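What follows is a single structure, written as structure tokens, with notes after it.
The values are calculated or read from the model by the stated rules, or taken from the named source; none is laboratory data. In this text the structure is predicted, and so the values were computed from the model without any measurement. Every residue, glycine as well, gets a Cβ built from its backbone with ideal geometry; the counts of neighbours run over all protein chains shown.
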Amino acid sequence: MMDLRHWIHGESVSARDQGWISVTDPATGQVFARCVAGNSSDIELAVQSAKSAFPAWSQTATAERVAALERFASVVDAHRDELATLESRDGGKPITRAREVEIPRVAENLRFFASALRHEHSDAFTSSPEVIHWTHRRPRGVAGCISPWNLPLYLLSWKIAPALAAGCTVVAKPSEITPATATRFAELSGEAGLPPGVLNIVHGRGSEAGAALVEHPDVPTISFTGGTATGKAIAKACGEQFKRVSLELGGKNPFVVFADADLDQAATEAARAAFSNTGQICLCGSRILVEQSVLPDFQEKLLKATAALRVGDPASEESQIGSMVSEPHYQKVKQAIESAPGTVLCGGGRPADLPERCREGWFLAPTILTDLPETCSTEQEEIFGPVASLRGFVDEADAIRLANATSYGLAASLWTKDLDRAHRLVHRIEAGVIWINAWMIRDLRTPFGGAKQSGLGREGGIESVHFFQEPAGVTLRLGSSS
Ligand code: NAD
């Protein structure tokens with residue numbers, strides 16, 4: 001059993017009086033850790049620590065902040081296997097995914113924002129020979145970073161790294177469902193030499209620790225990734241205090257295949273887009289829309305590609321898909337499948353041939369539904385599990401109409417060899433992230449975020465750093481005045 005404690009002012013801190021939350025390995029159903037259930041008093045302690053560290057950290061020379069982030073990245077690299085094992089166990093995700101994709105991205109986040117900081121510059125210009133204007137960017141103080149359970153350390157570090165680069169100090173609240181790697185990450189920040197108070201982690205439930213962080217008057221900036229309903233509550237709370245807030249929320253993303261696409265490649269990628277990380281990625285393509293003339297052919301290829309995915313024990317090097325993150329989430333997704341008013345083409349229940357060790361685990365087979373009414377909740381609401389729907393469209397106009405036919409607008413993946421058409425679609429699709437003949441190729445320099453109910457603001461590139469800074473337009477008049 002591991003005890004996961006807060007990290008405040010460079011030290012591991014126990015819960016004051018609120019008790020613990022059990023942490024379960026969802027692939028085996030076994031509790032393997034407990035994490036402290038923090039509340040407003042722990043948030044208060046962490047915010048005071050971050051406030052006390054802010055003057056020195058915000059004044060640290062750029063080269064020193066860059067070096068600190070790069071050191072931190074190297075320490076994360078050195079602990080990659082340990083962090084990957086923890087991440088896999090905490091969330092039921094394949095060890096290969098944790099080790100090859102998610103934990104390396106944590107170090108990459110730190111290095112990317114160190115490098116962004118190194119190359120940051122501000123425009124200066126003159127409006128007359130003796131007058132110079134420039135933009136001064138001041139770190140905004142203590143940053144609150146709140147993250148979900150699906151890509152735990154990958155997303156938490158995607159917020160922490162730019163905040164630290166910007167010169168802010170941080171209080172972060174990871175998901176209470178997957179708190180393990182955040183705890184280790186915080187300890188590693190100490191090994192990397194981050195000064196006490198620069199990075200603080202407070203564990204606990206969203207309704208207690210999370211809400212207390214959002215409402216704290218000394219935290220002027222909130223970066224949140226999670227569900228749309230939570231995002232709305234956070235937006236309201238931030239509005240009351242005019243806090244700056246970034247919201248990365250849910251999605252119901254279209255994966256649109258035209259008849260002229262490479263259907264084999266599109267089908268393989270559609271299965272990957274729908275079921276990677278057990279469908280628990282905000283960018284997953286959960287609505288597969290296919291031009292009617294090739295629908296039967298594509299359906300056959302998609303079912304074949306889905307059947308080829310290896311679902312199994314996340315600890316096995318062979319598994320491509322692991323378990324759901326928790327029993328409650330498994331029950332929610334299973335209920336969504338059972339109440340769907342359509343036809344199950346594959347999956348729908350527990351996968352076959354799970355090893356003995358996973359008998360009590362929360363596994364669902366990749367599931368494809370069809371014949372769903374356009375407006376039913378299965379087609380409209382984010383399910384966030386291994387569930388995708390398949391539907392035909394008649395022409396380009398119909399494809400655009402269907403792609404935009406939900407309240408979300410996070411991502412879209414378009415498959416066609418006709419680049420004129422692809423370009424027309426880019427103008428019409430309501431999404432913050434668009435891939436053409438691709439899915440999930442990310443470059444950290446590009447803007448990332450959602451339209452409509454998928455969020456507010458953009459992360460990525462230098463914008464992520466600027467989010468944590470307050471710009472001031474400065475004007476200097478030279479020469480003597482009389
Ligand atoms: P969630 O909204 O339930 O929780 C996210 C985080 O917010 C957790 O740390 C939680 O403890 C905290 N929280 C909950 N209520 C809070 C409150 N009132 N005040 C402050 N904090 C609170 O989401 P989840 O179930 O952990 O994650 C799944 C969701 O995240 C999905 O909807 C998914 O689409 C979304 N997501 C979005 C992106 C993106 O970049 N757009 C990325 C990953 C996940």
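Details
- Among the residues of region 433-461, just one is among the aromatic types (F, W, Y) and within 13 Å of the ligand (Cβ to nearest atom), namely F448.
- Checklist (1) surrounded by 24 or more Cβ atoms within 10 Å (Cβ to Cβ); (2) more than 8 Å from the ligand (Cβ to nearest atom); (3) of a type outside the set (K, R) applied to L213, failing item: (2)
- Qualifying residue in region 418-432 (condition: out of contact with any helix residue (DSSP H, G or I) (no Cβ under 6 Å at 6 or more places or on another chain), outside any strand (DSSP E or B), within 16 Å of the ligand (Cβ to nearest atom) and in contact (Cβ under 8 Å) with a residue 60 or more places away in the chain): yes
- Counted residues, region 31-65 - those being surrounded by fewer than 21 Cβ atoms within 10 Å (Cβ to Cβ), touching a strand residue (DSSP E or B) at 6+ places or on another chain (Cβ under 7 Å) and outside any helix (DSSP H, G or I): 5
- Residue in region 324-332 that is surrounded by fewer than 23 Cβ atoms within 10 Å (Cβ to Cβ), over 28 Å from W415 (Cα atoms), touching a residue at least 60 places away in the same chain (Cβ under 8 Å) and among the small types (G, A, S) present: yes
Condition check ((1) surrounded by 15 or more Cβ atoms within 10 Å (Cβ to Cβ); (2) of a type in the set (D, E, K, R); (3) at negative phi; (4) touching a Pro at 6+ places or on another chain (Cβ under 7 Å)) across all residues:
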{"residue": "D420", "(1), (2), (3), (4)": "no, yes, yes, no"}
{"residue": "W435", "(1), (2), (3), (4)": "yes, no, yes, no"}
{"residue": "W439", "(1), (2), (3), (4)": "yes, no, yes, no"}
{"residue": "D443", "(1), (2), (3), (4)": "no, yes, yes, no"}
{"residue": "G457", "(1), (2), (3), (4)": "yes, no, no, no"}
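- Of the residues making up region 217-229, at least one is within 7 Å of the ligand (Cβ to nearest atom), touching a helix residue (DSSP H, G or I) at 6+ places or on another chain (Cβ under 9 Å) and either among the aromatic types (F, W, Y) or over 20 Å from G455 (Cα atoms) (or both).
- Flag if F242 is of a type in the set (F, W, Y) and within 24 Å of E470 (Cα to Cα): yes
- Candidates L194, L156, filtered to the one that is away from the ligand (no atom under 16 Å from the Cβ) and among the hydrophobic types (A, V, I, L, M, F, W, C): L194
- Residue match in region 179-188 (condition: within 13 Å of the ligand (Cβ to nearest atom) and either farther than 23 Å from S88 by Cβ or under 20 Å from the mean Cα position of the chain (by Cα) (or both)): yes
- Just one of the listed residues (G204, G144) is near the ligand (Cβ under 10 Å from one of its atoms), at pLDDT 95 or above and closer than 18 Å to I21 by Cβ, and it is G204.
- Contact map, region 110-133: residues that are farther than 17 Å from W158 by Cα paired with residues that are among the hydroxyl-bearing types (S, T, Y) and surrounded by 11 or more Cβ atoms within 10 Å (Cβ to Cβ), Cβ distance under 7 Å, separation 6+ or inter-chain. Pairs shown: S122/T135; D123/T135; I132/T126.
Here's the yes/no breakdown for (1) of a type outside the set (A, V, I, L, M); (2) crowded, with 24+ Cβ neighbours inside 10 Å:
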residue: S189; (1), (2): yes, yes
residue: A192; (1), (2): no, no
residue: G206; (1), (2): yes, no
residue: D218; (1), (2): yes, no
residue: S223; (1), (2): yes, yes
residue: K236; (1), (2): yes, no
residue: V245; (1), (2): no, no
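- Residue in region 83-102 that is of a type in the set (V, I, T), modelled with pLDDT of 95 or more, within 16 Å of the ligand (Cβ to nearest atom) and buried (at least 19 other Cβ atoms within 10 Å of the Cβ) present: no
- Scanning region 396-417 for residues that are of a type in the set (G, A, S) and either modelled with pLDDT under 95 or in a loop (DSSP other than H, G, I, E, B) (or both) gives A405, S407.
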